[in-house]
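Okay, so here's the structure we're looking at.
The values are calculated or read from the model by the stated rules, or taken from the named source; none is laboratory data. These numbers were taken from a predicted model, which means no experiment stands behind them. Cβ placement follows ideal geometry from the backbone for every residue including glycine, while neighbour counts extend to all protein chains displayed.
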Ligand code: ADP
């Protein structure tokens, strides 16, 4: 069965299009990264799937139900971590999570056990009794993720869930997602995240789908990519066919698309370069790609 079916969906805000004719299927347990720059329509898509927003055209089915006809029942099976974390500032972390856990019908002990485990994983156990209003954005984000995990959701919708997290906590979140049995839609504008989640990728550009499929299929759609490569030695390498700048043991390359990365790496190795690390220089997807 398809867990999520988005069928020819368009959404307008005061006549301006936020999404246009978006369609894709997602099987039960599949993970989808929605990649796009600011304003591409990622949050709108997640809010439509959650049932908070209604499509102007098309329809969305989640776990077999139309999001318009059956939102309440579905919300029990869906977790959503949005831009605002929907936590109570004047309650402590534990009080918040017990409150939301009780809404899902969980026992206090069960909630506490889960919360302890997940807070520990995300390195936030020290904040258990701190009021949420006093937390940094990153820690609030961790608490929102803990809340989203409380009810063992069948579907998780995560809107840039690692935007304010340190690398270690981000890796934990990726691990939680990769080992989860839930169907997950994960919005991000950070290019490097497409490698970190084991699933499909949907590229959104100005409200339209630019590409959908596994990473192999969509790499060529990711244009104007800059990467940096660090080498063990500072020896100058002669690499033809790429726009390259080498200074000491650092190579900076401008590529037409991400698909060229494996070829670049092969060339560097072929010329005797010993690679220490490779990373994207585009911190996020910029608006003009
Ligand atoms: P992203 O999450 O990719 O940054 P959004 O889905 O937030 O993109 O926004 C897509 C477009 O829709 C943007 O142009 C944004 O300004 C517009 N938009 C989103 N929500 C609203 C709203 N509630 N009212 C008016 N315009 C909105």
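For this structure, a couple of remarks:
- Checking 83, 73 one by one, the residue that is within 16 Å of the ligand (Cβ to nearest atom) and surrounded by fewer than 22 Cβ atoms within 10 Å (Cβ to Cβ) is 83 and no other.
- Residues located in the range 133-167, provided they are part of a helix (DSSP H, G or I) and either farther than 25 Å from residue 190 by Cβ or out of contact with any helix residue (DSSP H, G or I) (no Cβ under 8 Å at 6 or more places or on another chain) (or both): 133, 134, 137, 141, 144, 148, 167
- Filter result for the condition that a residue is at pLDDT 95 or above, outside any helix (DSSP H, G or I) and farther than 29 Å from residue 7 by Cα, over 90, 96, 123: 90
- In the range 1-24, the residue that is surrounded by the most Cβ atoms within 10 Å (Cβ to Cβ) out of those that are outside any loop (DSSP other than H, G, I, E, B) and without any contact (Cβ under 8 Å) to a residue 40 or more places away in the chain is 13.
- Scope the range 33-55; condition under 29 Å from residue 224 (Cβ atoms), in contact with a helix residue (DSSP H, G or I) (Cβ under 9 Å, 6 or more places away or on another chain) and more than 7 Å from the ligand (Cβ to nearest atom); matching residues: 33, 34, 35
- Summed over the range 25-42, the residues that are crowded, with 20+ Cβ neighbours inside 10 Å and farther than 15 Å from residue 213 by Cβ give a count of 4.
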